[in-house]
1. Could we say that Leu10 is of a type in the set (A, V, I, L, M), over 16 Å from the mean Cα position of the chain (by Cα) and assigned to a helix (DSSP H, G or I) here?
2. Among the numbered criteria (1) more than 17 Å from Gln21 (Cβ to Cβ); (2) under 14 Å from the mean Cα position of the chain (by Cα); (3) loosely packed, with under 15 Cβ neighbours inside 10 Å, which single criterion is violated by Ser45?
3. Pick out the one residue from Ala63, Ala94 that is exposed (fewer than 13 other Cβ atoms within 10 Å of the Cβ), of a type in the set (A, V, I, L, M) and more than 12 Å from the chain's Cα centre (by Cα).
4. When only residues in the range 71-88 that are part of a helix (DSSP H, G or I) and surrounded by 20 or more Cβ atoms within 10 Å (Cβ to Cβ) count, which is farthest from the chain's Cα centre (by Cα)?
5. Being surrounded by fewer than 12 Cβ atoms within 10 Å (Cβ to Cβ), free of Cβ contacts under 8 Å to residues at least 60 places away in the same chain and either in contact with a Lys or Arg (Cβ under 7 Å, 6 or more places away or on another chain) or not small (Gly, Ala, Ser) (or both) is the requirement here; does Pro17 meet it?
6. Return the pairs, sorted by first residue and then second, in which the second residue is open to solvent by 100 Å² or more (accessible area, probe 1.4 Å), the first residue lies in the range 2-13 and is free of Cβ contacts under 8 Å to residues at least 12 places away in the same chain, the beta carbons are less than 9 Å apart, and the residues are 6+ apart or on different chains.
7. Which count do you get for residues in the range 78-111 that are among the polar types (S, T, N, Q) and over 18 Å from Glu38 (Cα atoms)?
8. Could you check how many residues of the range 72-91 are over 17 Å from Thr28 (Cα atoms) and in contact (Cβ under 8 Å) with a residue 24 or more places away in the chain?
Amino acid sequence: MEIPEPLRELLNRPSPPAIEQVRDFLGTWVADCDGLHEVREQMGSLQIRILRGYVEAIETLLATPQPPDTLRHLVTWDGNWVLDAPSSDEAAAAWLRELATLIRSVIDETA
């Protein structure tokens, strides 16, 4: 069976940069939540492959040096999340690591 050309193009399209994937996740699944417990509940509706992609994007983003304030802006603006140290990229990085751990736990529970 041959795959239609539009679907083939979609499947062969490269993944967006990690920062865009993280921004998408934060804006879609985190920004309107009152706590990580709500984030966890919402992630239950996502496919494991999608969750794995978000974890990989977060880990890639954290492993790559970012310009000053990038992580802080992602978390506070895109994720609409208040950090303990709101002016700190280090606090944002720690929060993103915690989020990645949460996503991994959802994957483990679902798998």
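1. On the way: of a type in the set (A, V, I, L, M): yes; over 16 Å from the mean Cα position of the chain (by Cα): yes; assigned to a helix (DSSP H, G or I): yes.
Answer is yes for this residue.
2. With respect to (1) more than 17 Å from Gln21 (Cβ to Cβ); (2) under 14 Å from the mean Cα position of the chain (by Cα); (3) loosely packed, with under 15 Cβ neighbours inside 10 Å, Ser45 is out only on (2).
3. Details: Ala94 fails: exposed (fewer than 13 other Cβ atoms within 10 Å of the Cβ).
Testing whether each residue is exposed (fewer than 13 other Cβ atoms within 10 Å of the Cβ), of a type in the set (A, V, I, L, M) and more than 12 Å from the chain's Cα centre (by Cα) leaves just Ala63.
4. At the first step, the residues of the range 71-88 found to be part of a helix (DSSP H, G or I) are 71-78.
From the residues that got through so far, the ones that are surrounded by 20 or more Cβ atoms within 10 Å (Cβ to Cβ) too are 71-72, 74-75.
Working: Leu71: 12, Arg72: 14, Leu74: 10, Val75: 10 Å.
Here the residue is Arg72.
5. Values: surrounded by fewer than 12 Cβ atoms within 10 Å (Cβ to Cβ): no; free of Cβ contacts under 8 Å to residues at least 60 places away in the same chain: yes; either in contact with a Lys or Arg (Cβ under 7 Å, 6 or more places away or on another chain) or not small (Gly, Ala, Ser) (or both): yes.
Answer is no for this residue.
6. Short answer, once both residue conditions are applied: Ile3/Leu11; Arg8/Glu2.
7. Residues that pass the stated criteria total 2.
8. Initial filter on the range 72-91 (over 17 Å from Thr28 (Cα atoms)): 72, 83-91.
Cutting the leftovers down to in contact (Cβ under 8 Å) with a residue 24 or more places away in the chain gives us none.
Selection size over the range 72-91: 0.
The values are calculated or read from the model by the stated rules, or taken from the named source; none is laboratory data. Computed from a predicted model, the values in this text were never measured in an experiment. Heads up, the Cβs are rebuilt from the backbone with ideal geometry, glycines too, and the neighbour counts pull from every protein chain shown. Areas reflect the complete protein model, heavy atoms only, side chains present, ligands, DNA and RNA absent. Shrake-Rupley method; radii C 1.70, N 1.55, O 1.52, S 1.80 Å.
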